[in-house]
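Input: a single structure, listed below in structure tokens.
The values are calculated or read from the model by the stated rules, or taken from the named source; none is laboratory data. Computed from a predicted structure; not experimentally measured. We place every Cβ from the backbone using ideal geometry, glycine too, and count neighbours over all the protein chains shown.
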């Protein structure tokens, strides 16, 4: 049932109610809704601070009776949650307010901690360009989706790293940001890592001096590593020392060390648990985050139940991270990963709802890892799920649309946002969502001109344009490659190169220009830094989409590179080289070729054991045609498994393409159906120097091993490669 209102009248008596109503009025003014004097046909909105009705500051009550809507809560925090709930359920058309259903009820959160890290430092691609007003407005935006905690940070490594965008000293900012949060009753968490060159006395003194200046601190987050390289027992000793000085100034603050393990200590996690089993009173809980010592279930099982667990989910990164795109399989297509990279605009509501379902029941809440507004939708949806894990996902995204894109068509925009997530499924050439989503955003931009000044809409439109650009480039370049191969088969190198050097069509160039113009506009509107040169993002990996969008998505540049090499060969050797080039990945019907990038892990026929890392190469600055697409994904783990079939009763040669690294103190083993194929120092096997020179790039090598025909079982092969100390990095293998 819908409720339609034309006039609003606000009733607020004490200071807290008046403050909440002021923020509400600001939101109404954005929507061109005017507040009038009370009349018989107005909706009376009552703000009511009730200090005795609720157990905590997060609960709120909404009652709609006749022409009166009452928001009740203990503090201003709950009142902001209440009026924001109302706005999330309203559509605004023709100066009318349409409440889409009756929202009367009492709202009690499932999780006590619902926050996001929005640190003022050089690393993020957005926050360092903001002023206090922008931060304060973002506090309110997050609270509109029931966020109750913001996380900030002091100097990194104990010293200022202020860049050209930052308007304030980092620790001056921290103090003021804490004060502003306190005016909203927004909890403040401090992410404060150890510095490797400080003694415990020096570190404790510095923290004491800082913590007494910060007006509000509710939580202290101390990572065990990333950064910080202290052994577990010293890490806990430092944590206890920091806890004591913190609680001298903020007696109710809670200290949560994080089980993020320094890489150089292999037994760090076990030692941490030994320290926690002593149940030090200075520690109030434990955080699960990136580079974790143990997976979530294991960490919770090992940690004394006295300590609640807080999640530190990475909802900001797309690759080389804790939860990459399609984190259960890590199968984001190399073309999109290369061009959009680690911190592109990334609405991933379906995937992060899955992550929440997997891990939320272990925790008392979370503060997410965020490096800018490219993950804005993820923040808001995550907070709603932390408040109520039964919240319908489609409704959460629709809330986002109604709250931030008021006046636009809710259903169309909601579908378009889900479309952006679908754009990243599989090979762009096989994904119709990219074209339909691009058309949807173009039509929305045309139909609702006001959206062209809305930074959140422009971020989503920017992503739709980027996805479309990648698709168009793949189609165009693959057609050129097919044409060039026709000439290469006849050893007509110059004609092949001429084809491969064909310029892009006008539509493509216009779309690329549009993407650049959007980058400039978004920087001016919200401070997001989409490249290094013009907008000063920290580096190419930190959301610099304008720097990565032109990375190779096909073998076009690699073929041109190889043809340059071909021309350096004696003329009588060129034809044989071209044959090897064109047949690089070819195998007979009873042979097997596999590429992590081209075929994904699912093609191996078995789920890999444990937690692997995908060392993706495609978005790196040196990917300028030096490597084929087949080498872009490097699987990094202690074991690699495959279950394969279709082999004939004969001997085979297994050739593995590795990323080269130190082989000191390593012990690699390869087995085929349990039979040892190789055992010894990495990488062993025989080198094919010609193949390595011609078909691989610097930093990679091949190693070949004989698999006796007796090792196969009725044409099947269970292949296992292990190295238990430094691991193995594999991008391809051949069985011929």
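General remarks:
- The residue pairs whose first member lies in segment 477-491 and is more than 18 Å from residue 625 (Cα to Cα), whose second member is part of a loop (DSSP other than H, G, I, E, B), and whose beta carbons are closer than 9 Å, counting only pairs six or more residues apart or on different chains, are 483/502; 486/492.
- Within segment 532-554, residues that are assigned by TED's automatic domain parsing to the domain that holds residue 126 have Cβ atoms under 9 Å from residues that are modelled with pLDDT under 95 in no pair, counting only partners at least 6 apart in sequence or on another chain.
- Residues being in contact with a strand residue (DSSP E or B) (Cβ under 6 Å, 6 or more places away or on another chain), more than 28 Å from residue 392 (Cα to Cα), modelled with pLDDT of 95 or more and not assigned by TED's automatic domain parsing to the domain that holds residue 398 are represented in segment 20-30 by at least one member.
- Residues (assigned to a loop (DSSP other than H, G, I, E, B) and farther than 21 Å from residue 666 by Cα) located in segment 696-736: 696, 697, 698, 708, 712, 714, 715, 736
- Check on residue 46, at pLDDT 95 or above, surrounded by 15 or more Cβ atoms within 10 Å (Cβ to Cβ), closer than 30 Å to residue 187 by Cβ and more than 39 Å from the chain's Cα centre (by Cα): yes
- Condition check for residue 665: surrounded by fewer than 16 Cβ atoms within 10 Å (Cβ to Cβ), assigned by TED's automatic domain parsing to the domain that holds residue 709 and modelled with pLDDT under 95: yes
Yes/no per residue for (1) more than 30 Å from residue 559 (Cβ to Cβ); (2) not in a strand (DSSP E or B):
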| position | (1), (2) |
| --- | --- |
| 635 | no, no |
| 640 | no, no |
| 655 | no, no |
| 658 | no, no |
| 664 | yes, yes |
| 669 | yes, no |
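- Test: residue 290 is assigned to a loop (DSSP other than H, G, I, E, B), touching a strand residue (DSSP E or B) at 6+ places or on another chain (Cβ under 9 Å) and in contact (Cβ under 8 Å) with a residue 60 or more places away in the chain: yes
- For segment 141-175, the set of residues classified as touching a residue at least 60 places away in the same chain (Cβ under 8 Å) and in contact with a strand residue (DSSP E or B) (Cβ under 7 Å, 6 or more places away or on another chain) consists of 142, 146, 147, 148, 149, 151, listed by residue number.
- Residue in segment 488-497 that is in a helix (DSSP H, G or I) and closer than 24 Å to residue 549 by Cα present: yes
- Considering residues of segment 582-611 that are in a loop (DSSP other than H, G, I, E, B) and under 31 Å from the mean Cα position of the chain (by Cα) only, the residue surrounded by the fewest Cβ atoms within 10 Å (Cβ to Cβ): 610
- Residues of segment 176-207 that turn out to be touching a residue at least 60 places away in the same chain (Cβ under 8 Å) and within 27 Å of the chain's Cα centre (by Cα), as a count: 4
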